[in-house]
Amino acid sequence: MRKIILGLCCLATLGSCIQVKKPKKEVETEEKITEEEALELLHDWTDAYLKGNADRLNDVLDDTWEYSGSSDGSTSSKTATIEEFRSADYSFGEITYENLDVRLYGDVAVVRGSERMTILDSSKQDTTVLRLRFTDVYQKKDGNIKAIATHSSPID
């Protein structure tokens, strides 16, 4: 009995001398998006439309980006949207924004507002003016900010 108690005391003493290193928890550094960064992306996107720059539009939109808000309820992917943009027989004459509201959620920004778009036909003579209410969702990942979703509705 004495040997068992002595053995247990030795194990207890030995156990207190051994330090078990717990693996360090990797610190997750969530990238935070700022209001200025979100508005800069919106203006880069606008600039791409106004200049007819599909390559810049490709940089602004995440590969997962999807547009919803078509009158028939369909959605459009990044690829389809850029292809339409490249082959369009129209251009944008002016895009202005009102009532912009930016909400930040860590690495995500939700941008809401209304926009007025002047669209020119191929002759640049006839114009169509669209007024839309929109919601854009942007995400900052690996230091890059891209649009991941857009919805818009016409304003009468």
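The values are calculated or read from the model by the stated rules, or taken from the named source; none is laboratory data. Just so we're clear, the structure is a prediction, and the values are computed from it rather than from any experiment. All Cβ positions, glycine included, derive from the backbone under ideal geometry; neighbour counts span all protein chains shown. Side chains are part of the model used for accessible areas, which takes the heavy atoms of the whole protein and leaves out ligands, DNA and RNA. Shrake-Rupley method; radii C 1.70, N 1.55, O 1.52, S 1.80 Å.
Miscellaneous remarks
- Helices (runs of 4 or more DSSP H) wholly inside the range 1-115 containing at least 3 residues that are of a type in the set (F, W, Y), at pLDDT below 95 and more than 13 Å from the chain's Cα centre (by Cα): none
- Of everything in the range 116-156 that is closer than 22 Å to S68 by Cβ and outside any strand (DSSP E or B), the residue that is modelled with the highest pLDDT is I155.
- Here the condition is being crowded, with 16+ Cβ neighbours inside 10 Å and either among the acidic types (D, E) or touching a residue at least 12 places away in the same chain (Cβ under 8 Å) (or both); of E66, E40, it holds for E66 alone.
- Yes/no for D47 being under 19 Å from A149 (Cβ atoms) and of a type in the set (D, E, K, R): no
- Close pairs (7 angstrom Cβ cut-off, 6 or more residues apart or separate chains): in contact (Cβ under 8 Å) with a residue 40 or more places away in the chain and within 11 Å of D62 (Cα to Cα) in the range 131-156, open to solvent by 50 Å² or more (accessible area, probe 1.4 Å) and among the hydroxyl-bearing types (S, T, Y) anywhere: I148/T64
- Verdict on S123 being free of Cβ contacts under 8 Å to residues at least 40 places away in the same chain, surrounded by fewer than 12 Cβ atoms within 10 Å (Cβ to Cβ) and not aromatic (F, W, Y): yes
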